[in-house]
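Asker: Below: one structure in structure tokens.
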Amino acid sequence: MNVARRQTQRAATVGVAEDGNSAVLVTVAAGAELLDRRRIDLTDRGLPTHPHHHEGSWAVGRYLNIPGARALSVAEAVALVERVRASAARGAREGLEALAAVVPVPITSIAIRACPELPPTIEERIADNRAQTVADSIMYREALATAAKARGWTVHWYNRECGCRDAAEAIGRQEIDAFLYLMGRSIGPPWQAKHKLAAAAALAVKARPGTRIFQSPP
């Protein structure tokens, strides 16, 4: 066995399923060994979780009639998004650092849900009805990707709709549900849809790191 193959087998991959301003991380090693399962919060308490979708929308005059809405300027909304983004960057760095400190093998890659293209500026994103609904989730995914790349991890982007199918193909099974069920039994609750999605993403990368289904970031 050559050195490169040995190093790949000893390395681990993290699968990510974002959930608001939090993320579920499932880490697997060679042979589909489950090493860690955790949930991390990406932003500080007291900050809004969806500043593009909520505060940004209010700033451009949308949803002002819903309970809790308040008027604010576009400049105030942009500044708030920047604060949340900085907090998410910090939370992502700290969360991945804490994970790497306890996993018994080196982590070399991470799988994160693919991000659709958005307008380039915060102002444009909050003004665009479609963009403002997904911009917060993308902000959190990008924070995790940036933190992972800073650690030297390879970032793979996966298609949520194809995740379980791709994992089944990658590990040579016709279906993956029973496999994911047993994986969850091995670690105990909670083991919900988010955990299964993250595990499937990690399995597909770990079993077939060159698969075309997972695309490297531009």
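Asker: Could you check the range 190-217 and list, in sequence order, the residues that are touching a helix residue (DSSP H, G or I) at 6+ places or on another chain (Cβ under 8 Å), more than 17 Å from residue 153 (Cβ to Cβ) and either part of a helix (DSSP H, G or I) or at pLDDT 90 or above (or both)?
Answerer: 191, 195, 196, 197, 199, 200, 207
Asker: When you check residue 120 against the structure, is it farther than 21 Å from residue 22 by Cα, open to solvent by 30 Å² or more (accessible area, probe 1.4 Å), touching a residue at least 24 places away in the same chain (Cβ under 8 Å) and assigned to a loop (DSSP other than H, G, I, E, B), yes or no?
Answerer: no
Asker: Here is a list: 185, 173, 165. Which entry is of a type in the set (Lys, Arg), in a loop (DSSP other than H, G, I, E, B) and at pLDDT below 95?
Answerer: So the residue among 185, 173, 165 that is of a type in the set (Lys, Arg), in a loop (DSSP other than H, G, I, E, B) and at pLDDT below 95 is 173.
The values are calculated or read from the model by the stated rules, or taken from the named source; none is laboratory data. This one's a predicted model, so the numbers in the text were calculated from it and none came from an experiment. So basically every Cβ, Gly included, is an ideal-geometry build from the backbone, and we count neighbours across all protein chains shown. Only protein heavy atoms, including side chains, enter the accessible area calculation; ligands, DNA and RNA are left aside. Shrake-Rupley method; radii C 1.70, N 1.55, O 1.52, S 1.80 Å.
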